[in-house]
Amino acid sequence: MVPAIELRKIDKSFGPVHANKAIDLTVAKGSIHGIVGENGAGKSTLMSILYGFYRADGGDIVVDGKKVEIEDSKAAISHGIGMVHQHFMLVDNFTVLENVILGAEGGSLLGEGVARARAELKRLEQEYELKVDPDAVVGELPVGLQQRVEILKALFRGADILILDEPTGVLTPAEADHLFRILRVLRDEGKTVLLITHKLREIMAVTDTVSVMRQGAMVATCKTSETSMPELAELMVGRRVLLRVDKKPATPGRTALSVRGLTVRDSRGLDVVKNVGFDLREGEIVGIAGVSGNGQSQLMETLAGIRRAVSGTIEIDGYKVDPTTGAVDPAEMRRLGMGHVPEDRHRMGLVTKFYEYENAILGYHRDPAYGKGAMLDLAAIRETANGEIEKYDIRPPNCQLRTASFSGGNQQKIVLAREIERDPKVLLVGQPTRGVDIGAIEFIHRRIVEMRDAGKAILLVSVELDEIRGLADRVLVMFDGALVGERPPETDEGELGLMMAGVNREAAE
Amino acid sequence: MFEMMILILDSTVRLSTPLLLACLAGLYSERSGIFDIGLEGKMLGAAFAAGAGAAVTGSAWLGLACGIVVSVALALLHGFASITNRGNQIVSGVAINFLAMGLTALLGQDWFRQGGQTPPLPVEARFTSLDWPFAEALRDVPVIGGLYSELLSGHNLLVYVAFLMVPFTWWALYRTRFGLRLRAVGENPAAVDTAGISVTWLRYRAVICTGILCGVAGAYLSTAQSASFIKDMTAGRGFIALAALIFAKWRPVPAMFACLLFGFLDAVAIRLQGQELPGIGEVPVQFFQALPYILTVVLLAGFIGRAIPPKAGGTAYVKERT
């Protein structure tokens, strides 16, 4: 059978960066083909070339047996290629219908095209189980549905080949499962699906064939059924990787952080954290599991002194703090020994336009070690930064680079190094491995466990259930702002999933 | 009292017209994601070109054409700076304002030697009032006569054009393919790009629309409202139009009401100039002249709710590099 897509010797450089090195790839029709690789391995670049977003420096693209030139996205669309981007290409204040017809309006007036699109959406909904209200405003839909709109957009344009770039990064586990179901339906209807991801579990769960990229080169292609996660991980990173976290049982000491009756209200006046109370002891990692948006972020921010609570108390190492007053700010919390690795390193953890060494002391810049009075002691700061770069294997090892030019994993290491090296008593860690490569994940997990073994108390928030179960010594489940239960980390994934969805097990039975 | 109201409303319409044209002009550009504080400069340039063109050719229509050409040229300059070269849109807009201010004065003096003015236009070279059928006959009918003969009838063509542009702009924005894409590119240009549409060409078309409407606005000032170009005759109208656009949250129909409001304040200011107000005495005319600006500050400070500009406004579109 003629393959759906054949890429021959695709080459692309951005200045000195050789993003794609003579890539060959053959994708069979009617299959789900996965492409894995670390961030920066060149997957997205390759797909952007296929979708006409970039032009290759060299090489051929063959679609359906015919050699084609893809100059822009319009050409890609006309060859039946559709793409669901990692960051959705949707207009938030448009309705679903408006987003779907954008660029395929079918005439200079809208009336007719809208009617046609409405009928077509209905058909697609029935054929592929892609249900979404065509008149809903996209910005008000949950991300899972927004993604569905992206898929509908591609199908509406008659795509036979669908590229999905890191589609599950923003989805809850249930939404991801639903997406996979849709992908299988699409395949069974004869569509070809290209799935770009760095999550190996997804590759194993849904693909027929998998290709591995490393540092701009295609290193292997094999049937999914004939490979395994450790093998793929090794191919991706180029060395053996430990996928499981290796740790000894915890030996908890005295209570380091004690939270009682904490309630936090957001700007809309809704309680987003409801009467939360727990203890965190030295030498243990407590994980907070929950679907994103159930109050974990606000809880972390309150503990870090960023957000005010309406009631409750926080006790750090025996020192009582009143989080309802403005007197508690991040600087004060840091002084009391609270380290904080924020969930979103771009929004809160780093100023990406700063130099690395500036970010290395951000929040600790008043420390007399880094300057006198109004002046900063740059030599001391750079020395600190260089020390952390070496210890945390931050690459490239140059503290005078802008932070934006580091990869996600290295940026995360910059934040972790900054917080851990200040030797806090309690460390709040939010989403430590979001958008981080497998190799760096291993390193970050090991550092967190080392901190625990050094007798620190660690509170871990993550939407990755695997991460929580792998790292934590105790798991608290958060739903709708409240802690709904505590379980040991060995608890079955299904049970935790139900708790995260707010289903009370006793009530269900 | 009724008669005075009609007269004030009548001049409200006249005074709102240039604001409305400029405001709708700005709407096209800003909805596409190109901020334009150069409305003032484009209007001024067009007013000069229209005044000069009409004076030289003796035709109001050729004057209007000159105004539009100059305004579109300035708009394309703004487009070239901010779309093609991804320059700062505010800086480019300010530059155009200064350019227009200086050039009109310089060229006016060099060409016509009348202190920066263009020669006074004869009636044939202006847009003059159009009287509606039966306007004279109905003039003395109570209420209807005032409304019809004074308020609706008796304006020049450009006034009607300006107000007809409101439903037209609404239709173009919400009922045509161009409008859909225009709204999309101002919110998320990447979505437009990946849908296979050229962001650059779309934005250029938007600034051309802006140029045309600013051209009409300028021509209105020098060949319809007045009979010659006077140095700096736009007098901040471009900025007021911009404020109106923000009040209106970038929507055409509210834009009309915002412009009418500013026009009304202007009309009241002129009307009450030098008159005693009962119980207050004579209010300095400066107070009324300042009213639009005071209103702008007060309204923007919170009375209209948050004005959310097109999300991609003010930033040049650059394809992401992986």
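Every number here is computed from the coordinates shown, using simple stated rules; none is lab data. Values in this document were obtained by computation on a predicted structure and should not be read as measured data. Note that each Cβ is placed from the backbone with ideal geometry, even for glycine, and that neighbours are counted across all protein chains shown.
Taking the fewest neighbouring Cβ atoms within 10 Å as the starting point, the ordered list for B:165, B:4 is B:4, B:165. Look at the Cα gyration tensor of chain B: its axes a ≥ b ≥ c give a/c of at least 1.5 with a/b over b/c, and that counts as prolate. Under the convention that each Lys and Arg Cβ holds +1 and each Asp and Glu Cβ holds -1, the size of the dipole of segment B:2-303 around its Cα centre is about 1080 debye.
Near residue B:212, once Lys and Arg are set to +1 and Asp and Glu to -1 for all other residues with Cβ below 13 Å from its Cβ, the sum equals +2.
Averaged over peptide B:102-110, the number of partner chain Cβ atoms lying within 10 Å of each residue's Cβ comes to 0. Here each label is just a point 7 Å from Cα along the line to Cβ, and for residue B:98 and residue A:466 those points are 5.8 nm apart. Computed from Cα positions, the angle between helix B:2-31 and the longest principal axis of chain B comes to roughly 10 degrees. The label point for residue A:254 and the one for residue A:231, both projected 7 Å from the Cα toward the Cβ, are 5.4 nm apart.
Show me the helices of chain A, taken as full DSSP H stretches, that run 15 Å or more along their long axis by Cα and average -0.5 or above in Kyte-Doolittle hydropathy. Those that pass (Cα extent of 15 Å or more, hydropathy at least -0.5) are A:143-156, A:173-188, A:378-391, A:408-420, A:438-453. Using R0 = 30 Å, the C-beta based FRET efficiency linking residue A:266 and residue B:174 works out to 0.30. Each of A:62, A:40, A:76 was placed along the dipole of segment A:5-237 (beta-carbon charges, centred on the mean Cα), and the one lying farthest toward the positive end is A:62.
Given R0 = 25 Å, the distance between the Cβ atoms of residue A:434 and residue B:308 translates into a calculated FRET efficiency of 0.30. In chain B, the longest principal axis of the Cα atoms and the axis of helix B:157-175 are about 30 degrees apart.
Separation of segment A:282-309 and segment A:7-49, taken as the distance between their Cα centroids, equals 38 angstrom.
Counting other Cβ atoms within 10 Å as a rough exposure proxy, the listed residues A:90, B:272 run B:272, A:90 from fewest neighbours to most. Considering only Cα-Cα distances, which of the following residue pairs are longer than 26 Å: A:131/B:319; A:66/A:199; A:391/A:425? Flagged as over cut-off: A:131/B:319; A:66/A:199. Look at where the Cα atoms of segment A:364-392 and of segment B:19-98 average out, and the two centres are 52 Å apart.
Backbone amide hydrogens, once placed in the peptide plane, bring residue A:328 within less than 5 Å of nothing, excluding anything fewer than 5 places away on its chain.
Computed about its Cα centre, the charge dipole of chain A is approximately 800 debye, with only Lys, Arg, Asp and Glu carrying charge at their Cβ. Note on residue B:286/residue B:257: beta-carbon distance plugged into 1/(1 + (r/R0)^6) with R0 of 22 Å gives a FRET efficiency of 0.25. Taking 7 Å steps out from each Cα toward its Cβ at residue A:64 and residue B:109 produces label points 6.9 nm apart. Taking amide H positions as modeled 1.01 Å from N, with prolines and chain starts lacking one, the residues under 5 Å from residue A:163 and 5 or more places away or on another chain are A:82, A:83, A:84, A:194.
Quick check: the angle from helix B:60-79's long axis to the longest principal axis of chain B, C-alpha only, nearest 10 degrees? The two axes meet at around 30 degrees. Look at where the Cα atoms of segment B:246-322 and of segment A:78-107 average out, and the two centres are 36 Å apart. Specify whether the C-alpha gyration tensor of segment B:222-313 places it in the rounded, prolate or oblate class, a ≥ b ≥ c being the square roots of the eigenvalues: rounded for a/c under 1.5, otherwise prolate if a/b is larger than b/c and oblate if not. It is oblate, given that a/c is not under 1.5 and a/b is not larger than b/c. Can you list the aspartates and glutamates whose alpha carbon sits under 13 Å from that of residue A:29, skipping same-chain ones fewer than 8 residues off? Within the straight-line limit of under 13 Å, residue A:29 reaches these aspartates and glutamates: A:6, A:64, A:160, A:188, A:189, A:208. How would you classify segment B:8-115 from its alpha-carbon gyration tensor, with a ≥ b ≥ c the square roots of the eigenvalues: rounded for a/c under 1.5, else prolate if a/b is greater than b/c, otherwise oblate? Verdict is oblate for segment B:8-115. Each Cα pair under 8 Å and six or more residues apart adds its separation to the average, and for segment B:2-303 the resulting relative contact order is 34 percent. Compared with the direct C-alpha span, the chain from residue A:347 to residue A:369 gains 5.3 nm at full extension, assuming 0.36 nm per residue. Simple rule: put +1 on each Lys or Arg Cβ and -1 on each Asp or Glu Cβ in the protein assembly as shown, find the dipole, and look at B:119, A:501, A:436; the Cα lying farthest toward the positive end is B:119.
Between residue A:34 and A:195, A:208, A:209, A:210, A:211, the built amide H atoms are under 5 Å apart, and every one of these is 5 or more places off in sequence or on another chain.
Sorting B:210, A:26 from the fewest to the most surrounding beta carbons within 10 angstrom yields A:26, B:210. Across chain A, C-alpha contacts under 8 Å between residues 6 or more apart give a mean separation that, scaled by the residue count, equals a relative contact order of 14 percent.
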